[in-house]
Amino acid sequence: MPALPRLRIDALADLARQLRFAPPRTARRQMDRAAALVVGLDPALTYPEDWLIYKITGFRPELARPAMLIGAALLADLPALVERLSIVAALVEADLPAGRFLSLGALAARWGVTARTIERRRRGGLLAVRYRGRGGRVRLAFLLSSVVRYERLHDEGVRRGAAYSRIGPEMRARMLRRAVVYRGRFGCTLNGAATRIAARYGRGVQTVRALLQRGDAERPGPVEPGLLTPRERRFIDRADRAAQEPAAVARRLGRPLPTVRRAIRQLRVDRLRTIAPAAHAAPKAGQPSPARPILDGLGAPGPATLGALVQAARDAAPPAAAMERALALHYQFLRASAAAGIAALPARAPGATALDRIETDLRTAARIRAELVRSQLPLMLRTIGAVRPVEDLRAPLLLPLVESCLAALAEAADDFNPGARAGRLAAPAGLALTRAVSKWAVGHAPALSIAPGRAAARPGPDVPITDFTGRIAPWQAFLDPAPRVRSALPRIPERERRFLALRFGWSGPAHTLVQLAGLHGTTLIKVAQFERRALRAALRAGAGA
């Protein structure tokens, strides 16, 4: 009997642990509900955790932040949950209606494959239950409706499996010769060559890859060059941050261009995974994305000096409730979308378009977060003033206090979700500011006990402060270009200036390369090349300032 498939989704794993003590009759009912879910799920959509639990158990839990689950991931894990529930239901052969289930042997004969091949296909939505047959032996039975659905969705794969034959010596030799050609002429990697050859000969990619690896070990001149060294990866990373062309980097390292491009994408994925916990918030089920007009005017820079920041806080008008709510809802929407996208990224060979969509959502989310923080600057001044008026604080004391308050406001913007509860941002912002100012006051009690002298340094216009809008979110450290790029925009041509402003969300929402290609009526490759040229021009102009 094969081992139980592992549940990869934490929400389903927790549910399985909770249901393992259910009465058999209840487990049978929940098993049928979970099996019915597989038929109706769309792999491209996301589903909230509380909705999923309700559809399986009939009980809707009260979750403050229900996880958003990708349909494709659910289709892979729900069969494992159904199998676990069938164990709790203590099924016997008499519980399986005649004509509705196929045994493992019958399904193998139907498809003309081995039992091991069926095991590999069970994570594609193929539903099986466990039951005790004659003699008490546990067996597998496959739901016939699920088998028919799998055949309809994977018709080509089923037919190819039925027509499978071993790779003979002659075909193996042809594959190895073709792999050498792909490697030498096109610079293909092992995976690239295996993908091309598998498509040409109607074989599985992993089968061909293993064949090429064995051939690589038997001959001089490998099909794929060695893995990139850590030093090469660091060089590729620095070159990418400097907007260098991947082709130039490949020539410098003596590596195939696809290898360099794949390394750049993998570096981007690794960075995104480091901030995935910071993008965990999810909107309510069915909550729509706000309308586009609220995003116009995003991306204004923050004050460059401490005095300008204080003056901006004094001059700021109170935020309109409707605008604040719309911005906060869209901020939560973008964070949830990015979190779901990061979770769905494959472990290897991620798509460039999917990566760009996630990064663009996070850039726009950072601009909205900055606006939410900017709207609470007057509240920050009032909270500080409750301890000591800002005019009485020397700049060396006021500067770290302002930094702590900005960080507290950023956290308050994360916790504010008007879709889940009523109220204004000022409520969580006020609590966060009070904690930050109180903590600062305790640490600076000796300095506060001294009355300010006439020579006290006021927060004047010449005390520099880093633009808070460029560091308000953790992902800006690698998704935004170097600060000198933005400061150099007035010194580069108009076309490059407008392009970079749209790309990075400095004059409205950030744009993906696909959107920019549509605006400029050109291809993705040319838009990406133009982006790198514009960034290099801005970096040169910023370095010469």
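Residue-wise test of (1) modelled with pLDDT of 85 or more; (2) more than 30 Å from Ile275 (Cα to Cα); (3) within 27 Å of the chain's Cα centre (by Cα).
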site	(1), (2), (3)
Leu431	yes, no, no
Arg435	yes, no, no
Trp440	yes, no, no
Gly453	no, yes, no
Gly460	no, yes, no
Pro464	yes, no, no
Asp467	yes, no, yes
Ala473	yes, no, yes
Phe478	yes, no, yes
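Which pairs have Cβ atoms under 7 Å, sit 6 or more apart or on different chains, and link a residue in segment 417-438 that is within 15 Å of Val373 (Cβ to Cβ) to one that is of a type in the set (Asp, Glu)?
Arg424/Glu324; Leu425/Glu324; Pro428/Asp415; Ala432/Glu411
If Leu500 meets every condition in (1) buried (at least 19 other Cβ atoms within 10 Å of the Cβ); (2) hydrophobic (A, V, I, L, M, F, W, C); (3) touching a residue at least 40 places away in the same chain (Cβ under 8 Å) apart from one, which number is that one?
Of everything listed in (1) buried (at least 19 other Cβ atoms within 10 Å of the Cβ); (2) hydrophobic (A, V, I, L, M, F, W, C); (3) touching a residue at least 40 places away in the same chain (Cβ under 8 Å), Leu500 misses just condition (3).
Does Asp240 fit the bill of being surrounded by 15 or more Cβ atoms within 10 Å (Cβ to Cβ) and at pLDDT 75 or above?
yes
If you scan segment 338-356, which residues turn out to be closer than 18 Å to Leu513 by Cα and surrounded by 18 or more Cβ atoms within 10 Å (Cβ to Cβ)?
If the condition is that a residue be closer than 18 Å to Leu513 by Cα and surrounded by 18 or more Cβ atoms within 10 Å (Cβ to Cβ), then Ala338, Gly341, Pro350, Leu355, Asp356 are the ones that fit.
The values are calculated or read from the model by the stated rules, or taken from the named source; none is laboratory data. None of the values given here were measured: they were computed from a predicted structure. Cβ: placed from backbone, ideal geometry, glycine included. Neighbour counts: every protein chain shown.
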